[in-house]
Amino acid sequence: MSLESLSVVSALPEQAAPDRPDRPDRPDRPDRPDRPDRPDRPRPSGRYFVGRAWPGPRARISLAAVALVLTLWQLSGSLRWIDPLLLPPPSDIWVAAQELLQSGYRQTPLWQHVAISAGRAVAAFAVAIVVGVPLGLGMGRWPTLAAVFDPFVQFLRPLPKIALIPLVIVWFGIGEGAKFFLIFISSFLSIVVGAAAAAQGVSQARIRAAQTLGASPRQVFSHVLLPDALPGIFTSVRLSVGIGWTSLIAAEMVAANAGLGWMVINAGTYLRTDVVLLGIVLLGLTGYLFDALLLLAQRRLVPWAGRDA
Amino acid sequence: MSTHVPHPTVRHEAARISLQGVSKRFAGPSGQGAGHLVLDQVSLSLAAGEFVCLLGPSGCGKSTVLNLLSGFERADQGLVQLDGRPITGPGAERGMVFQQPTLFPWLSVADNVAFGPRMAGWPRDRLQAETRRLLAQVGLADFGEHFPWQLSGGMRQRAALARAWILQPEILLMDEPFGALDAQTRLAMQELLTRIWQQERTTVLFVTHDVDEALFLADRVLIMSTRPGRIEEDLAVPFERPRTFEDLVAEPDYGRLKRRILKALRHGEAGAAPLQSPPQPLPRAA
């Protein structure tokens with residue numbers, strides 16, 4: 001296994017070098033906005049997938065770096081540099097993954113652990129977005145609303161959510177409600193702050209332009225404010241989903257019997273460090289997948305982000 | 001139309017837009033105190049179909065005049081009127097072109113131009129026909145499907161011009177719209193603007209600090225002094241239309257007029273900084 005990864009590393013220098021010269025005219029950077037003569041320009045959403053082999057120069061470096069770390073990690077186990085009980089090598093995790101895929105962990109199949117965690121998180125994110133974005137936009141536009149909510153948001157946001165667990169159990173019991181609430185509250189608060197900032201950052205000049213074109217306050221809101229704030233909202237949602245996912249462990253510490261977070265904690269008490277690491281890898285990958293999906297949606301829905309007009 | 005001779009005397013009875021004895025004071029740096037007087041008893045009026053340039057050094061309050069007319073700001077004193085009605089807020093009958101194009105980057109160029117009509121709920125075919133007509137008029141017929149960020153600065157400003165003009169405003173307010181363009185593009189834009197204006201005959205109030213631009217575009221030039229802003233002089237620009245820069249600079253009157261304007265500008269600026277005045281903070285961009 002390490003042979004493959006080593007060959008990638010050694011292949012890197014001469015593969016990365018020839019790609020350098022074509023960087024200046026990256027199609028996604030309109031450094032020369034004064035060149036209008038590009039009628040057949042691909043739609044911005046497609047620019048990462050068209051006309052370029054997937055592992056571009058940067059992706060290749062990233063892949064090589066990951067391969068190198070995986071190799072060293074594997075060697076640390078295979079050559080007994082570190083006790084595999086403390087740091088099981090990737091091969092052990094692979095074995096654990098196959099074992100769990102076949103027989104599950106504690107009577108629950110592995111995919112269900114992933115699905116339960118992802119489901120809890122997605123439900124909480126959805127509600128946080130639906131409630132948080134309008135509230136944040138409102139706070140960004142109406143100082144009175146901001147003055148009312150700001151003290152609470154600013155107090156709760158930096159609070160470690162683990163501190164809320166005892167209260168949450170008292171309020172919601174040990175069912176799904178408690179887990180939902182913990183993920184919800186942590187992502188909700190940062191969505192509110194991000195959406196408020198996005199609404200405040202809306203270009204006053206564009207609002208004025210729309211007003212001189214006869215747009216009513218309602219039209220200004222839906223046709224100017226909302227689209228202008230959308231890139232900022234997307235960024236804040238991406239950050240908040242990351243934060244919400246982080247609090248999954250806290251949520252699943254609350255008397256769960258399934259889910260990735262619970263699996264990690266439970267396996268830790270039995271010293272199944274391979275399962276712990278497998279859980280960590282899956283937690284990381286799922287979080288990464290969420291972000292990648294949001295990034296894809298962002299490119300598709302707000303291709304004008306950061307553009308000048 | 002080409003024999004149009006600009007009439008220097010203002011027909012007050014037909015005044016489309018007017019400021020009468022308008023004063024405006026901005027708050028001091030800390031929001032308290034008397035602040036400073038930006039406009040002091042400014043009176044001006046534009047007749048229907050007139051092209052007037054408001055000329056003055058930066059900070060003299062010429063943008064404040066536009067902001068009063070567009071309805072973004074209120075006068076502390078005096079009357080601001082359109083066709084005898086007081087102006088109380090922004091409205092589509094007063095079109096505005098800003099120094100920056102301020103297009104909407106989420107809309108195509110054609111949708112940007114059609115923004116006003118869409119807000120007003122025009123029927124679809126009229127909206128599309130007018131959008132096509134305006135795009136052609138500003139030379140962007142082939143760029144309707146593009147997005148603003150794919151256009152050059154001059155093209156964006158042309159799109160902004162079409163966006164303001166499509167609503168057939170009663171008056172077009174222009175706030176140094178070509179100030180951010182390079183000299184060549186600016187010249188082309190000035191010619192484009194006069195060409196369209198000669199067809200549409202919209203009343204235009206055009207703010208600039210460029211004397212040549214004012215003389216090329218205007219029927220009448222109003223020269224403002226600075227701090228407090230006053231109308232220093234009101235000059236008719238007698239040159240035949242259509243004008244070209246080459247012919248204009250050959251006119252003997254051109255040099256005389258330009259000299260007079262430059263003098264008036266210098267006078268207006270000198271009056272602004274009395275000797276005993278303390279060192280000024282950075283002048284507020286007005």
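We did not get these values from a lab; they are worked out from the coordinates using the rules stated. In this text the structure is predicted, and so the values were computed from the model without any measurement. Counting neighbours? That spans all protein chains shown, and the Cβs are built from the backbone with ideal geometry, glycine included.
Can you tell me, using C-alpha contacts under 8 Å and at least 6 residues apart, the relative contact order of chain B as a whole percent? So the answer I get is 26 percent. Can you pull the mean other chain C-beta count within 10 Å for peptide A:203-209? Average per residue, whole number: 6. Near B:I17, the amide H atoms lying under 5 Å from its own belong to B:L46, B:D83; only residues 5 or more places off or on other chains count, and H is placed 1.01 Å from N.
Phi-derived couplings, Karplus 6.51 cos²θ - 1.76 cosθ + 1.60 at θ = phi - 60°, listed residue by residue for the range B:97-106: 10, 8, 5, 8, x, 6, 6, 9, x, 8 Hz, with x used for Gly and Pro. If you plug the beta carbon distance of A:I162 and A:D308 into 1/(1 + (r/R0)^6) with R0 = 45 Å, you get a FRET efficiency near 0.55.
Look at where the Cα atoms of the range B:146-169 and of the range A:153-195 average out, and the two centres are 48 Å apart. Overall, the range A:110-301 carries a charge dipole of about 460 debye about its Cα centre when +1 sits on the Cβ of Lys and Arg and -1 on the Cβ of Asp and Glu, all other atoms neutral.
For the range A:81-91, the Karplus equation 6.51 cos²θ - 1.76 cosθ + 1.60, evaluated at θ = phi - 60°, returns couplings of 5, 10, 4, x, 5, 7, 9, x, x, x, 5 Hz by residue, with Gly and Pro reported as x. By the rule of a C-alpha distance below 17 Å, with chain neighbours fewer than 8 residues away ignored, the lysines paired with A:K161 are A:K179. Fully extending the segment from A:Q98 to A:I174, taken as 0.36 nm per residue of separation minus the present Cα-Cα distance, adds 24.3 nm.
Near the amide H of A:Y105, under 5 Å away, which other amide H atoms are found, from residues 5 or more places off or on another chain, if H is placed in the peptide plane? Close amide H contacts, sequence-distant or interchain: A:L110. As a calculated quantity, the FRET efficiency between B:D253 and B:R85 at R0 = 30 Å, using C-beta atoms, amounts to about 0.20.
Under the classification rounded if a/c is under 1.5, otherwise prolate if a/b is larger than b/c and oblate if not, where does the range A:243-290 fall, given a ≥ b ≥ c as square roots of the Cα gyration tensor eigenvalues?
Because a/c hits 1.5 or more and a/b fails to exceed b/c, the range A:243-290 counts as oblate.
Where in the range A:203-240 does the amide nitrogen come within less than 20 Å of the point 7 Å from the Cα of B:Q168, taken along Cα to Cβ? Those under the cut-off are A:212-215.
Taken residue by residue and averaged, Cβ atoms of other chains lying within 10 Å of the Cβ of B:143-152 number 5.
Between A:A59 and A:S91, the contour length at 0.36 nm per residue exceeds the Cα-Cα span by 9.1 nm. Between B:L37 and A:D83, the simple label model (points 7 Å from Cα in the Cβ direction) yields a spacing of 8.7 nm.
Each residue of the range B:254-261 was assigned a 3J(HN,Hα) from its phi angle through the Karplus curve 6.51 cos²θ - 1.76 cosθ + 1.60 (θ = phi - 60°); the sequence is 4, x, 4, 5, 5, 4, 5, 5 Hz, with glycine and proline shown as x.
Label sites at A:L145 and A:T269, each approximated as a point 7 angstrom past Cα along Cα to Cβ, lie 4.5 nm apart. Residues whose amide H falls under 5 Å from that of B:S43, counting only those 5 or more places apart or on a different chain, are B:G21, B:V22, B:I231, with hydrogens built in the peptide plane.
Counting 0.36 nm for each residue step from A:A126 to A:T108 and taking away their Cα separation leaves a gain of 3.9 nm. Would you list which lysines come within 17 Å of B:K62, measuring only between C-alpha atoms, while excluding same-chain residues fewer than 8 positions from it? Straight-line reach from B:K62, under 17 Å: B:K24. Of the residues B:K258, B:K263, B:K62, the one with the fewest other Cβ atoms within 10 Å heads the list, and the complete ranking is B:K263, B:K258, B:K62.
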